[in-house]
Amino acid sequence: MATKFELSELIRTGHFIDGQWVASANGKRFDVTNPATGEVIATIADGGEADARAATDAAARAFPAWRDALPKERAAVLHRWHALMLENADALGHLISLEQGKPFAEGRGEVLYGASYVAWFADEATRIYGDLIPQQQRGKRMSAVKEPIGIVAAITPWNFPLAMIARKIAPALAAGCTVVGKPAEDTPLTALALVMLAHEAGVPPGVLNLIAASRESAVSAVAAWLHDSRVRKITFTGSTPVGKYLARESADTLKKLSLELGGNAPFIVFDDADLEAAVSGLLVSKFRNGGQTCVCPNRVYVQSSVYERFGDMLARRVAALKVAPATDPNAQIGPMINARAVEKIARHVDDAVSKGARVLAGGKRLTALGPNYYAPTVLADATGAMQLSCEETFGPVVPLFRFDDEAQAIHAANDTPFGLAAYFYSQDVRRIDRVARQLEAGIVGINEGALASEAAPFGGVKESGYGREGSKYGLDDYLSIKYLCQGGLE
Ligand code: SIN
């Protein structure tokens with residue numbers, strides 16, 4: 001059996017339901033395009049309500065056997081899936097670049113990142129412990145056992161087309177849940193390829209089902225899961241408005257939700273920071289995936305006494321970043337995902353400049369490269385009156401805000417409904433302790449810009465959502481606790 005596939009073999013054009021590749025019930029299809037050129041990569045099945053229901057039917061049939069499989073049997077399947085992901089890392093990396101636009105090195109890096117969650121949860125599958133509760137009454141034994149929650153609907157974004165779905169499917173399968181999923185309409189091909197590898201790895205029919213849907217069809221497909229009481233959990237990464245919609249619409253069937261939603265991350269540079277390290281950390285965190293990452297810094301606060309110096313140092317490094325198609329081996333930033341994304345970036349920059357921001361680097365579209373490119377940009381003299389201070393830009397733009405003292409920086413950093421990630425640079429140990437405690441965020445980078453790890457809990461507070469992915473906590477969201485009280489033991 002071949003285990004290493006060519007890129008063309010990984011491109012699937014149907015839904016994957018009950019172990020079969022199938023067309024949409026209504027025969028509809030939609031185009032997936034390359035954001036670098038606008039060219040069509042593939043035309044694929046466009047799922048609606050009937051396909052979503054068929055996926056749930058399959059997941060319901062498969063659930064009892066998967067739930068009752070031994071944890072080490074589920075772990076073995078996940079380990080095989082992990083091995084296949086690594087074996088096909090180059091082809092998957094190319095596929096990510098093709099439909100999402102990130103440079104190949106980043107695409108391949110995403111494969112390894114996503115695969116690390118699969119290996120992690122394969123191991124965690126064998127460590128789902130319960131408790132024997134200390135005896136309270138003679139003749140009675142009380143215990144707590146953990147059970148898979150049931151069918152999970154996983155709805156994933158376009159910015160990490162492989163890693164986001166891997167880190168939802170892996171814990172679900174490890175826990176003994178079955179899955180119905182829908183990837184973002186911009187990047188369904190990577191998710192379909194991943195599901196193909198899961199099937200090759202031995203995930204039984206019906207345990208993992210995936211339907212693709214265009215922007216127009218997605219609402220009716222997802223509605224079929226939201227209103228179906230057999231679907232016990234929704235796990236979603238994406239925007240806060242969509243997360244709120246899912247919470248509202250699933251309220252009637254009281255599903256468990258994990259919501260990893262929008263961010264508006266602050267990045268604070270205190271005057272006692274190592275400025276070189278702060279610039280490097282900012283480049284890593286801000287320009288990962290061209291700034292299209294929920295944990296990317298969106299607002300950079302720099303203390304007045306180092307403001308101009310920091311701005312100059314940063315602008316020099318940003319101006320040197322290579323913007324190019326993913327196929328260029330030197331590319332550091334590729335195209336944005338689509339025209340809507342570029343329009344939002346341009347709107348934020350234009351609004352900031354019209355309100356007094358100074359352009360230190362970039363500040364324009366790069367139309368000579370293709371339709372969706374925007375230059376990495378640094379803006380000085382940003383203020384709270386600008387759109388980019390309160391909306392997530394989701395692009396390669398760094399606005400620099402000025403502050404005078406610690407209290408002012410913390411107030412500004414927390415002055416947002418969001419609370420996913422926050423970063424700060426300082427060399428003062430007391431300040432590090434104070435600021436880390438006061439920042440309202442689920443994830444805090446301290447003198448560090450690269451936070452992602454399968455071993456760490458990823459998730460937000462406030463309107464950035466709830467639930468955690470990765471780490472020992474990541475499995476709990478897919479389990480429910482059953483209390484067993486056994487009497488008559490005397
Ligand atoms: C995201 O943008 O939602 C995920 C980023 C990460 O895993 O670091």
Only Lys, Arg, Asp and Glu count, each charged at its Cβ (+1, +1, -1, -1), so figure out the dipole size of the chain about its Cα centre, rounded to 20 debye.
840 debye
Under a straight-distance cross-link criterion of Cα-Cα below 21 Å, which lysines are reachable from Lys244, leaving out those fewer than 8 residues away in the same chain?
Lys168, Lys182, Lys233, Lys255, Lys256, Lys462
What accessible area, in Å² to the nearest ten, does a 1.4 Å probe give for Val461?
50 Å²
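Given the rule -39500 (n - 2.57) for each run of at least 4 DSSP H residues, summed and divided by the residues of the chain, what is its mean residue ellipticity at 222 nm, to the nearest 500 deg cm²/dmol?
Result for the chain: -12500 deg cm²/dmol, rounded to the nearest 500.
Using Cα pairs under 8 angstrom and six or more residues apart, how large is the relative contact order of region 76-215, in percent?
Working: 229 pairs, mean separation 37.5, N = 140.
The value is 27 percent.
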Plugging the Cβ-Cβ distance of Tyr483 and Thr3 into 1/(1 + (r/R0)^6) at R0 = 51 Å yields, to the nearest 0.05, a FRET efficiency of 0.70
Farthest positive-ward along region 132-284 dipole, Cα basis, beta-carbon charges - from Asn264, Ile165, Ser220:
Ser220
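Could you give the size of the charge dipole of region 1-151 about its Cα centre, using +1 on the Cβ of each K and R and -1 on the Cβ of each D and E, expressed in debye and rounded to the nearest 20?
Values: 17 positive and 20 negative charges, 192 e Å.
Result for region 1-151 is approximately 920 debye, rounded to the nearest 20.
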Could you tell me which residue out of Thr190, Asn447, Phe104 lies farthest along the dipole of the chain toward its positive end? Charges go on the beta carbon: Lys and Arg +1, Asp and Glu -1, centred on the Cα centre.
Thr190
Tilt, helix 104-125 to longest principal axis of the chain (alpha-carbon atoms), in degrees rounded to tens, equals 40 degrees
Output the 0 to 90 degree angle, nearest 10, between the alpha-carbon long axis of helix 275-287 and the longest principal axis computed from the alpha carbons of the chain.
50 degrees
Suppose all protein chains stay in the model; what accessible area per residue would a 1.4 Å probe give for the chain, in Å²?
39 Å²
Before anything else, pin down the relative contact order of region 141-218: Cα pairs under 8 Å, at least 6 apart, normalised by residue count, whole percent.
32 percent
Give the cross-link partners of Lys482 among the aspartates and glutamates, using a straight C-alpha distance below 17 Å as the criterion and excluding same-chain residues fewer than 8 apart.
Asp68, Asp131, Glu147
Cut-off 15 Å (backbone N to label point 7 Å along Cα→Cβ of Asp31), residues of region 188-217
214-215
Can you pull out the trypsin sites (Lys or Arg not before Pro) in region 132-175 that DSSP calls coil and that have at most 10 other Cβ atoms within 10 Å?
Arg138
Just to confirm the number: angle between the C-alpha axis of helix 89-100 and the first principal axis of the chain, 0 to 90 degrees, nearest 10?
60 degrees
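Under the definition of Cα pairs under 8 Å and six or more residues apart, what whole-number percent is the relative contact order of the chain? Walk me through the intermediate numbers first.
Values: 1165 pairs, mean separation 90.0, N = 490.
This gives 18 percent for the chain.
Applying 1/(1 + (r/R0)^6) with R0 = 25 Å to the Cβ-Cβ distance of Ala456 and Ser280, what FRET efficiency is obtained, to the nearest 0.05? Please report the intermediate quantities before stating the final value.
Working: r = 21 Å, r/R0 = 0.82.
So the FRET efficiency works out to roughly 0.75.
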Out of the GluC sites (Glu not before Pro) in region 1-94, which ones are loop residues according to DSSP with at most 14 other C-beta atoms within 10 Å?
Glu6, Glu39
Take the alpha-carbon centre of region 320-378, take the same for region 66-94, and report the distance between them in whole Å.
37 Å
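The values are calculated or read from the model by the stated rules, or taken from the named source; none is laboratory data. All values reported here derive from a predicted model rather than from experimental measurement. With ideal geometry, Cβ positions are generated from the backbone for all residues, glycine too; neighbour counts draw on all protein chains shown. The area values use the complete protein model at the heavy-atom level, side chains included, leaving out ligands, DNA and RNA. Shrake-Rupley method; radii C 1.70, N 1.55, O 1.52, S 1.80 Å.
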